[in-house]
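Colleague: Here it is: the structure, laid out below.
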Amino acid sequence: MPDQPPKTVIISGGTTGMGRAVALERLARGDHVTVIGSNEARGRALLDRAAGPNLRFLRADLSSIAEVERVVADISGQHQAIDALALFANRISPKYNETPDGLEFTFALYYLSRYLLGHRLRPLLDAAPNPVIINVAGVGNTAGKIFWDDPQLTRRYGQVRAQLQAGRANDLLGVAFAGQTESKIRYILYHPGFTRSGSDAHSNPLIQNTIELLARFFARPVVDAVRPIVEWIDHPPAGALSAIDRGKPVDLSLKTLNPDDAARLAAYTQDLLRSRGR
């Protein structure tokens, strides 16, 4: 856009679906984009599709704390400021899967990687004139909760339970992050709704085919789902925290955005990281 200088944009989970679409849209506007993803082939395909010097691909397993820290170090070595951080990384795990850090996989990838990227890259975001973090999850949905007595779901795992808990954790992450009054970063929690994106995320072919069939008839096109994200990168909302559910603002007094729960989760997360030497 002629009235906008090029921006520096970091996208986690950016080799497919909505993350990929945002990357391509921002590249078309002349931005410098770094995409983080675990699939080397998809990353290379995106580089071939973009065919330009403004795209970098970092292959990383973001369910690993050490891998997130490596990514942060790489990005910090490349940039003095970041204008936007868009968080998409998530993958369904049908069975309980523990990471090398001893964490439940969905919690580690869907929530903790987003916590770490936001907090570790905060100095670079604060160095930008109008920085924004966009966390794409399920804000506005009140299903699911944090299992405070067993956040790692070691006693009763279920893939839906894990996804919903991590979604609610991301809601609280936004609340806690935006509560840091000394930061100028705007934080957006965004629920795009059912989108034609990521239908290959399930390992069960029958379930995957069902999702693809439903998506064909009922899901929003990816281009529609990402349009607000693309624009927020240029024009973030004025408030420290915004929550948008399928185009409609979410009341920030919603029970799933409770500041006390946000503080409790932040304390749990900090203790968890300290116990692992982070």
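Colleague: Within region 8-275, how many Lys pairs sit with Cα atoms under 27 Å apart, leaving out pairs fewer than 8 places apart on the same chain?
Modeller: On the way: 95/145; 145/248; 145/255; 184/248; 184/255.
The number of close lysine pairs in region 8-275 is 5.
Colleague: What order, most packed first, do the peptides 164-170, 270-276 have when packing is the mean number of other Cβ atoms within 10 Å of each residue? Walk me through the intermediate numbers first.
Modeller: Values: 164-170: 23.7, 270-276: 12.7.
Top to bottom by mean Cβ count within 10 Å: 164-170, 270-276.
Colleague: How much net charge surrounds residue 85 when only the other residues with a Cβ under 15 Å from the Cβ of residue 85 are counted, with Lys and Arg +1 and Asp and Glu -1?
Modeller: +3
Colleague: Apply 1/(1 + (r/R0)^6) to the Cβ-Cβ distance of residue 263 and residue 49, taking R0 = 41 Å, and write down the FRET efficiency to the nearest 0.05.
Modeller: Approximately 0.45, to the nearest 0.05.
Colleague: At 10 °C and a viscosity of 1.306 mPa s, what translational diffusion coefficient does Stokes-Einstein give for region 1-152, taking Rh as the Kirkwood radius over Cα pairs? Give it in µm²/s as a whole number.
Modeller: Values: Rh = 16.1 Å.
Rounded to a whole number, D works out at 98 µm²/s.
Colleague: Something else now. Cβ under 13 Å from residue 106's Cβ, residue 106 left aside: what net charge do those residues give with Lys, Arg +1 and Asp, Glu -1?
Modeller: Values: positive: 91, 95, 114, 161, 168; negative: 98, 104.
Summing Lys/Arg as +1 and Asp/Glu as -1 gives +3.
Colleague: Restricting things to alpha carbons, find the Rg to Rh ratio for the chain using the Kirkwood radius for Rh. Numbers along the way, then the final one.
Modeller: On the way: Rg = 17.6 Å, Rh = 18.9 Å.
So for the chain, dividing Rg by the Kirkwood Rh gives 0.93.
Colleague: If the chain between residue 150 and residue 248 were fully stretched, how many nm would it gain, using 0.36 nm times the residue separation less the Cα-Cα distance?
Modeller: Details: separation 98, 0.36 × 98 = 35.28 nm, distance 3.28 nm.
Extending this stretch completely gives an extra 32.0 nm.
Colleague: Okay, moving on. Placing +1 at every Lys and Arg Cβ and -1 at every Asp and Glu Cβ, with all other atoms neutral, what dipole size does the chain have around its Cα centre, in debye to the nearest 20? Mind showing how you got there, number by number?
Modeller: On the way: 33 positive and 28 negative charges, 78 e Å.
Computed about the Cα centre, the dipole is about 380 debye.
Colleague: Quote the relative contact order of the chain in percent (integer), defining contacts as alpha-carbon pairs under 8 Å separated by 6+ residues.
Modeller: Working: 490 pairs, mean separation 50.8, N = 278.
Relative contact order comes out at 18 percent.
Colleague: Can you give me the pair-distance distribution of region 1-44, C-alpha pairs, 5 Å bins, whole percents?
Modeller: The percentages, shortest bin first, are 6, 25, 30, 21, 11, 5, 3, 0.
Colleague: Sticking with this structure for a sec: Please compute the net charge surrounding residue 157, taking Lys and Arg as +1 and Asp and Glu as -1 over other residues with Cβ under 12 Å from its Cβ. Don't skip to the end; give the middle numbers.
Modeller: Working: positive: 95, 155, 156, 161; negative: 98, 104, 150.
My count for the surroundings of residue 157 gives +1.
None of the figures in this text is laboratory data; all of them are computed from the coordinates on show. Because the structure is predicted, anything quoted here is derived from the model rather than measured. Backbone-built Cβ (ideal geometry, glycine too); neighbour counts: all protein chains shown.
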